[in-house]
Amino acid sequence: MSLLKKLEAWNKRFWYESVIKFLFRNAPVSLPIAIEGVKRLLVIRRDMIGDMIVTSSLIRTLNRLKPDLEVDVYASPQSKVIIETNPRIKTIFSSKPFEKNFWHELQQARKRDYDVILCLSYTGTTTSGLLANLISRRAIKVGMLERGRENLYQRWFNAQIDIGKSETGATMPLWKGLHVFLTTLFGVPFNEAEIEQEIFTTES
């Protein structure tokens with residue numbers, strides 16, 4: 001491990017031990033949970049455009065599983081364009097944490113009173129976890145398990161789901177990993193043949 005990586009890991013552990021574990025106490029939940037009891041769900045996906053395109057298949061699957069589920073997305077400013085006309089999404093937030101409009105959007109997100117928050121950003125787990133906890137104390141917060149850092153993130157999330165994520169990459173394609181994530185979370189099977197990525201455009 002490089003010196004920079006070691007310093008980064010030390011910094012995260014410092015904040016975890018001195019601040020985070022006292023502020024956030026997300027009790028573990030047993031999986032799967034019943035999707036029938038979920039009214040509003042937030043997907044936090046703050047990375048690149050290609051990642052958001054892949055995530056469109058997950059949003060489509062959520063809509064198929066529960067058509068009346070209200071799905072919101074917290075996107076990065078650059079990937080917002082991919083989803084801003086997606087009829088399956090109720091509300092989109094995209095301000096960068098702690099920059100202009102962030103606190104306004106945070107308050108709007110808090111008013112949505114989510115039942116479940118999915119932290120699906122492949123990088124920046126700490127920021128996504130903090131964001132999820134600022135948005136809701138009540139919601140079940142679920143992240144992708146990162147091997148070797150389970151203990152570091154256990155206070156951020158009520159559950160961490162293993163899709164093969166590690167510091168050296170993943171053991172399965174992201175599109176498949178996201179649906180394994182849903183299967184584990186809600187206990188519902190999926191058919192790979194039904195997985196479709198979507199991009200909605202406006203008429204010129």
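Points to keep in mind about this one:
- Every condition in (1) within 14 Å of Asn26 (Cβ to Cβ); (2) open to solvent by less than 10 Å² (accessible area, probe 1.4 Å) holds for Ile163 except the one numbered (1).
- Number of residues in region 113-139 that are under 22 Å from Ala27 (Cβ atoms), open to solvent by less than 70 Å² (accessible area, probe 1.4 Å) and in contact with an Asp or Glu (Cβ under 9 Å, 6 or more places away or on another chain): the value is 5.
- Flag not set for Phe181, criterion: open to solvent by less than 20 Å² (accessible area, probe 1.4 Å), assigned to a loop (DSSP other than H, G, I, E, B), in contact with a strand residue (DSSP E or B) (Cβ under 6 Å, 6 or more places away or on another chain) and not hydroxyl-bearing (Ser, Thr, Tyr).
- Screening Gly148 against (1) under 13 Å from the mean Cα position of the chain (by Cα); (2) closer than 25 Å to Ser2 by Cβ leaves a single unmet condition, (1).
- Filter result for the condition that a residue is of a type outside the set (A, V, I, L, M, F, W, C) and out of contact with any helix residue (DSSP H, G or I) (no Cβ under 7 Å at 6 or more places or on another chain), over Lys96, Lys39, Lys66: Lys39
- Residue in region 171-191 that is at pLDDT below 80 and over 24 Å from Asn86 (Cα atoms) present: yes
- Among the residues listed as Arg110, Arg88, the single one being more than 15 Å from the chain's Cα centre (by Cα), closer than 16 Å to Ser56 by Cα, surrounded by fewer than 20 Cβ atoms within 10 Å (Cβ to Cβ) and of a type outside the set (Asp, Glu): Arg88
- Flag if Glu70 is in contact with a Ser or Thr (Cβ under 9 Å, 6 or more places away or on another chain), surrounded by fewer than 20 Cβ atoms within 10 Å (Cβ to Cβ) and not small (Gly, Ala, Ser): yes
- Residue check for Arg13: of a type outside the set (Val, Ile, Thr), open to solvent by 60 Å² or more (accessible area, probe 1.4 Å) and at pLDDT below 90: yes
- Of the criteria (1) farther than 25 Å from Ile35 by Cβ; (2) open to solvent by 70 Å² or more (accessible area, probe 1.4 Å); (3) assigned to a loop (DSSP other than H, G, I, E, B), which one Val81 fails: (3)
- Within region 30-56, the set of residues being open to solvent by less than 30 Å² (accessible area, probe 1.4 Å) and assigned to a loop (DSSP other than H, G, I, E, B) comprises Ile33, Val38, Asp47.
- Residue check for Trp156: under 20 Å from Ser121 (Cβ atoms), touching a residue at least 24 places away in the same chain (Cβ under 8 Å) and part of a loop (DSSP other than H, G, I, E, B): yes
The values are calculated or read from the model by the stated rules, or taken from the named source; none is laboratory data. Only a predicted model underlies this, so the values are computations on that prediction, with no experimental measurement involved. Glycine gets a Cβ as well: all are built from the backbone with ideal geometry, and neighbour counts include every protein chain shown. Surface accessibility is based on the protein's heavy atoms, side chains included, excluding ligands, DNA and RNA. Shrake-Rupley method; radii C 1.70, N 1.55, O 1.52, S 1.80 Å.
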